[in-house]
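For reference, the structure discussed in these notes is given below.
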Amino acid sequence: MSAAVITVPAFASARDGVRHFFGTRRHADSFALEVGVPARQSGAQGRGWLLSVKQVHGTDALVVDRPLIESDQFPGGWDALVTDQPGVTVAVRTADCVPVLVHDPRRHVVAAIHAGWRGAVAGIVPKTLSLMVARFGSTRSDLRVSIGPSAGPCCYEVDGPVLDRLQAGLPDWESVVRDYQGHNARLDLKALIRRQVEGEGVLSRAVSAVNLCTICHDELFYSYRREGRVNGTMVSGITLASSR
Ligand SMILES: [Zn+2]
């Protein structure tokens, strides 16, 4: 394994006017990210900003709908970032939670979402899509969604409190768990998110997933579950190209 980031060309490419990445631990180790403060970026792709904010396992989104400036600070907590600003990379940090990237190629809007079980069950992904519709005029059937590396159903054991919330929030919860034994099961967070976005009207062919488990693949990813503590987090982001 040598690539520092994972990309899904079928989801979004430079040809579509968008760049994206799902980070690995190598990528995460290669730079420091100041949370809540836009970081200047310059490189072959041109100048721009990278923005990641404090994540609180909620469902609120920060909307960046104006150009960023040097003195900007975003001290609140948000688990989704949405922007229509070219050159602004919106990024989330995850270890076992799911990074979800969204692209509206028609209205030129992108989103990065941090979805752990709490946020996912509380509907952060559908809520962010609704925000894109309300705020930017997106149409759900235009949207492309990519679900990144996270704890997989092979490893991600959950217990009563998680299952209670899941059962209360999702009528067909049984379709996203494995080996259900009353008080514990293994949860398929990626399947849960896929069901939610397809249930919202995103076309199934427009939803892609990176089927790698952060707990299984220690060479690729940090995992809170596997390591028992936060050693680091992967950074995943998406950017509208500066010229379109
Ligand atoms: Zn696994």
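Pick from segment 166-202 the residues that are closer than 16 Å to G123 by Cα and part of a loop (DSSP other than H, G, I, E, B): which of them is nearest to the ligand (Cβ to nearest atom)?
So the residue we want is D188.
Based on what the data block shows, is S146 among the small types (G, A, S) and part of a strand (DSSP E or B)?
yes
As an exercise: evaluate N231 against (1) modelled with pLDDT of 95 or more; (2) surrounded by fewer than 23 Cβ atoms within 10 Å (Cβ to Cβ); (3) more than 17 Å from A120 (Cα to Cα) and give the number of the one condition it does not meet.
Of (1) modelled with pLDDT of 95 or more; (2) surrounded by fewer than 23 Cβ atoms within 10 Å (Cβ to Cβ); (3) more than 17 Å from A120 (Cα to Cα), only one is false for N231: (1).
Could you say whether any residue in segment 140-149 is out of contact with any Pro (no Cβ under 6 Å at 6 or more places or on another chain), over 19 Å from I113 (Cα atoms) and either exposed (fewer than 15 other Cβ atoms within 10 Å of the Cβ) or at pLDDT 95 or above (or both)?
no
Can you tell which of S208, S242 is on the phi < 0 side of the Ramachandran plot, in contact with a strand residue (DSSP E or B) (Cβ under 9 Å, 6 or more places away or on another chain), at pLDDT below 95 and of a type in the set (G, A, S)?
Checking each option against the conditions leaves just S242.
With (1) within 16 Å of the ligand (Cβ to nearest atom); (2) outside any strand (DSSP E or B); (3) without any contact (Cβ under 8 Å) to a residue 40 or more places away in the chain as the list, and G152 as the residue in question, which single condition is left unmet?
(3)
Does R225 count as part of a helix (DSSP H, G or I) and more than 17 Å from V121 (Cβ to Cβ)?
yes
Which is assigned to a loop (DSSP other than H, G, I, E, B), touching a strand residue (DSSP E or B) at 6+ places or on another chain (Cβ under 9 Å) and either at pLDDT 95 or above or not hydroxyl-bearing (S, T, Y) (or both), of P75, P9, P99?
Criteria check complete, one pass: P75.
Given the criterion farther than 19 Å from R118 by Cβ and away from the ligand (no atom under 13 Å from the Cβ), identify the matching residue among T233, T239.
Of the residues listed, the single one that is farther than 19 Å from R118 by Cβ and away from the ligand (no atom under 13 Å from the Cβ) is T239.
Do the conditions hold for R205, that is, is it without any contact (Cβ under 8 Å) to a residue 12 or more places away in the chain, more than 16 Å from the ligand (Cβ to nearest atom) and of a type in the set (K, R)?
yes
If D188 satisfies all but one of (1) touching a residue at least 40 places away in the same chain (Cβ under 8 Å); (2) in contact with a strand residue (DSSP E or B) (Cβ under 7 Å, 6 or more places away or on another chain); (3) over 21 Å from S130 (Cβ atoms); (4) of a type outside the set (A, V, I, L, M), what's the number of the condition it fails?
(1)
Any idea which of (1) more than 16 Å from the ligand (Cβ to nearest atom); (2) part of a loop (DSSP other than H, G, I, E, B) is the one L163 doesn't satisfy?
Result: L163 fails condition (2) only.
Would segment 209-222 turn up any residue that is acidic (D, E) and away from the ligand (no atom under 16 Å from the Cβ)?
So far as segment 209-222 goes, no, none of its residues is acidic (D, E) and away from the ligand (no atom under 16 Å from the Cβ).
The values are calculated or read from the model by the stated rules, or taken from the named source; none is laboratory data. Owing to the predicted nature of the structure, the values given are computational and were not obtained by experimental measurement. All Cβ positions, even for glycine, are placed from backbone atoms using ideal geometry, and neighbour counts span all protein chains on display.
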